[in-house]
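Below: the structure, in structure tokens.
The values are calculated or read from the model by the stated rules, or taken from the named source; none is laboratory data. Computed from a predicted structure; not experimentally measured. Positions of Cβ are generated from backbone atoms using ideal geometry, with glycine treated the same way; all protein chains shown enter the neighbour counts.
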Amino acid sequence: MSDPTRIQIPAEIQNESIRAFVEEWAGVTEPDRIELVSAIDDPRLLGEALTSGELLPAGEGRYYARSHPKDTARSEERTVVATSDPADRGRYNNWRPASEVKPLIVERMRGASRGKTMYVVPYLMAPPGTPLSAYAAGVELTDDRTVVLQMIRMARVGLEHFDGLTDADFFVRGVQVTGDPDTLGHGTPEDARLFATIADERTILHYGSAYGGNALLGKIAHGLRQASYDGYTSGKFLAEQFLLLGIRDRKTGETTHVCGGFPSASGKTNLAMSLPPDALGDRYRVDFFGDDIAWMWIDDEGRLRAINPENGAFGVAKDTNEHTNPTAMAAIAEGSGTIFTNTAYNHLTGDVWWEGLTLQPPAELDGWLDWTGAPIADRGPDQQDAPWAHPNSRFTIPLAQIPNLAADAADPAGVVVDAIIFGGRTRDREPLIRAIDDPAVGVYDGLTLGAEATFAAEGIDGQLRYDPMSMRPFFSYSEGRYAQHWLSLLRQVRELPVFAHVNWFQRDPEDGHYLWPGYRENLRALNWLMRYRAGDAHGRPTPVGVIPTAEELDLTGLDIPAEDLDRLLRIDTKRWMEEVQHRQGHLASLPDVPREILDVHEALSTA
Ligand code: GTP
Ligand code: MN
Ligand code: MN
């Protein structure tokens with residue numbers, strides 16, 4: 001057995017606080033060795049992972065990883081936020097007292113890295129030099145090499161990123177221990193997995209998963225949960241599951257910036273990467289800033305500014321193809337350094353495949369393995385319909401590979417936010433876009449955001465699974481206080497962004513087809529919003545916002561049936577009245593909702 005007191009802490013770690021942190025946790029998890037990592041170690045670590053079989057080659061400069069079949073998604077039930085203040089309890093954050101959670105995890109982590117390497121991964125969740133850099137520093141300790149390789153793609157990794165910090169002791173302390181996936185009891189009452197953000201100690205302890213959404217601590221646990229807690233307690237900023245893009249108008253030379261929240265798997269990555277429709281492509285360009293997280297603050301001139309704290313993208317593979325997302329296809333091309341997770345894989349050719357990449361799966365089955373590693377050719381008749389790739393299979397790429405990456409994506413000053421949009425998957429009721437001028441109504445709209453329950457089991461038909469601000473899985477404190485924090489910050493903004501609600505997913509009630517073609521055509525709705533904001537379009541006022549008229553929407557080159565367009569731009573009063581009722585219950589279930597928000601709801605109920 002290894003003696004933890006004899007493990008060498010790498011001499012390059014001179015920061016005493018980091019040394020003490022590493023020493024403390026090495027004493028708990030008892031790894032065989034400790035290794036400090038920086039981005040320049042990527043080629044060596046890739047080589048080691050290929051030799052060990054953790055990664056498989058997927059063409060020139062591309063890699064394939066398979067996670068444990070029970071470890072393929074974020075686990076919301078096993079995720080908690082722990083603090084010492086019960087007032088932090090929210091509806092969705094699974095709040096628990098820190099004094100209870102911490103010993104529980106320490107116990108599980110004890111000796112759990114024996115025989116493994118503890119990688120010390122110092123990182124920055126921000127472009128260097130931003131006003132929020134102090135909140136961006138973290139150190140993740142992990143016993144999984146693939147997690148390190150994904151962190152190198154998703155964050156700015158290396159001790160050099162700590163050089164510019166004024167307080168080298170103020171960093172998020174993260175510990176990720178994979179455990180033995182075969183004995184964790186996934187989904188049983190004895191489920192040993194536990195993912196805790198101890199927010200008031202700025203400590204993240206995740207036990208029992210090597211899947212990206214759980215194990216890349218910089219991304220969700222730090223970038224969203226911890227950062228939104230820090231933003232609230234400091235009173236300085238917001239951290240949101242938001243995309244961030246620029247719309248560049250080549251004619252005027254101006255770029256407007258849009259950020260916004262859509263629940264997971266509702267189109268953030270696709271929108272941030274979208275190419276303009278062919279007919280508008282000479283004039284407009286979409287600049288990618290971020291596809292999953294935005295941090296926002298108010299600058300000295302009273303403008304709302306945003307940055308993307310990430311350095312990479314962790315995108316959904318399903319339905320990504322040359323038609324839906326050519327930008328993503330270019331970003332994951334040979335030589336890109338992409339890591340694919342849980343797609344189908346051909347062990348003879350190194351090719352990868354997922355549902356929607358092509359209309360039909362490869363006809364020649366030779367060498368093809370499904371996401372669990374089982375040969376497709378050996379499938380029995382009852383398995384023919386099973387997907388080849390896991391529905392949540394993903395690609396991990398550095399931002400530098402994204403062809404439409406904005407030239408100023410890493411500008412530490414961030415960009416001024418001109419519009420904030422919310423959007424979910426709603427088959428009826430929600431029009432293509434409705435603009436909202438009043439910021440309190442905008443915050444209310446965010447709080448009542450939801451996505452349709454996709455299976456009957458998940459919810460009541462026609463009722464949304466509410467996902468306030470698209471932050472439901474990532475809240476770290478009470479939703480009502482969160483809304484209050486938004487309102488307080490917006491009050492300090494001199495030139496307010498316009499708000500809007502968008503819906504790319506409305507369907508025909510008869511045959512169920514999507515009324516709006518979506519994807520690259522979505523820019524048309526955003527363009528209208530920008531013209532509305534500039535006073536060049538006026539739309540039609542309704543009780544739930546301003547809706548474009550059919551004439552105002554630029555539909556050049558788009559063939560869309562008049563009756564579909566009519567439905568996309570109409571308010572279904574009866575369905576809205578039902579929705580207002582549902583919202584009543586939803587708002588009542590959230591703690592501490594500010595009076596201002598309840599007033600907005602009241603006004604809508606009686607409109
Ligand atoms: P996370 O990364 O999990 O937070 O999700 P996301 O919001 O980035 O979602 P993403 O862009 O990966 O899209 C999820 C799914 O929605 C994919 O299967 C897309 O093909 C599909 N999708 C995205 N945009 C559109 C659209 O405009 N119309 C339709 N019909 N589907 C879309
Ligand atoms: Mn996300
Ligand atoms: Mn995404």
Checklist line | Hey, residue 512 away from ligand 3 (no atom under 16 Å from the Cβ), out of contact with any Ser or Thr (no Cβ under 9 Å at 6 or more places or on another chain) and modelled with pLDDT under 95 or not | finding: yes
By residue number, the members of the range 411-441 that are out of contact with any helix residue (DSSP H, G or I) (no Cβ under 7 Å at 6 or more places or on another chain), among the β-branched types (Val, Ile, Thr) and either within 21 Å of residue 553 (Cβ to Cβ) or part of a loop (DSSP other than H, G, I, E, B) (or both) are 417, 421, 426
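One line per residue, one yes/no per condition, for (1) charged (D, E, K, R); (2) more than 20 Å from residue 409 (Cα to Cα); (3) in contact (Cβ under 8 Å) with a residue 60 or more places away in the chain; (4) assigned to a strand (DSSP E or B):
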{"position": "286", "(1), (2), (3), (4)": "no, no, yes, yes"}
{"position": "295", "(1), (2), (3), (4)": "no, no, yes, yes"}
{"position": "301", "(1), (2), (3), (4)": "yes, yes, yes, no"}
{"position": "318", "(1), (2), (3), (4)": "yes, yes, yes, no"}
{"position": "324", "(1), (2), (3), (4)": "no, yes, yes, no"}
{"position": "349", "(1), (2), (3), (4)": "no, yes, no, no"}
{"position": "362", "(1), (2), (3), (4)": "no, yes, no, no"}
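Quick check on residue 317: is it within 22 Å of the chain's Cα centre (by Cα), within 16 Å of ligand 3 (Cβ to nearest atom), at pLDDT below 95 and under 30 Å from residue 384 (Cβ atoms)? It would help to see each step written out before you state the result.
Numbers: within 22 Å of the chain's Cα centre (by Cα): yes; within 16 Å of ligand 3 (Cβ to nearest atom): yes; at pLDDT below 95: no; under 30 Å from residue 384 (Cβ atoms): yes.
Against the criterion (within 22 Å of the chain's Cα centre (by Cα), within 16 Å of ligand 3 (Cβ to nearest atom), at pLDDT below 95 and under 30 Å from residue 384 (Cβ atoms)), residue 317 does not qualify.
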Check your understanding: In the range 561-580, is there at least one residue being in contact (Cβ under 8 Å) with a residue 12 or more places away in the chain, crowded, with 20+ Cβ neighbours inside 10 Å and either among the charged types (D, E, K, R) or under 15 Å from residue 441 (Cβ atoms) (or both)?
Key -> yes
From the option list 451, 525, 500, 435, single residue qualifying as closer than 30 Å to residue 550 by Cβ, buried (at least 20 other Cβ atoms within 10 Å of the Cβ) and at pLDDT below 95 is 451
Among residues of the range 178-222 being under 18 Å from the mean Cα position of the chain (by Cα) and aromatic (Phe, Trp, Tyr), the residue nearest to residue 476 (Cα to Cα) is 195
- crowded, with 24+ Cβ neighbours inside 10 Å, of a type outside the set (A, V, I, L, M), away from ligand 2 (no atom under 14 Å from the Cβ) and over 30 Å from residue 360 (Cα atoms), is that true of residue 288? yes
Only one of (1) within 20 Å of residue 518 (Cβ to Cβ); (2) within 14 Å of ligand 1 (Cβ to nearest atom) does not apply to residue 285, and that is (2)
Restricted to the range 242-275 and to residues being within 13 Å of ligand 3 (Cβ to nearest atom), under 17 Å from residue 499 (Cα atoms) and of a type in the set (Gly, Ala, Ser), the residue farthest from the chain's Cα centre (by Cα) is 260
Checked the range 40-88 for anything within 20 Å of residue 117 (Cβ to Cβ), in a helix (DSSP H, G or I) and of a type in the set (Asp, Glu); matches are 41, 42, 48
When restricted to 304, 369, 359, the only residue farther than 11 Å from residue 393 by Cβ, among the aliphatic types (A, V, I, L, M) and either touching a His at 6+ places or on another chain (Cβ under 9 Å) or within 16 Å of ligand 2 (Cβ to nearest atom) (or both) is 369
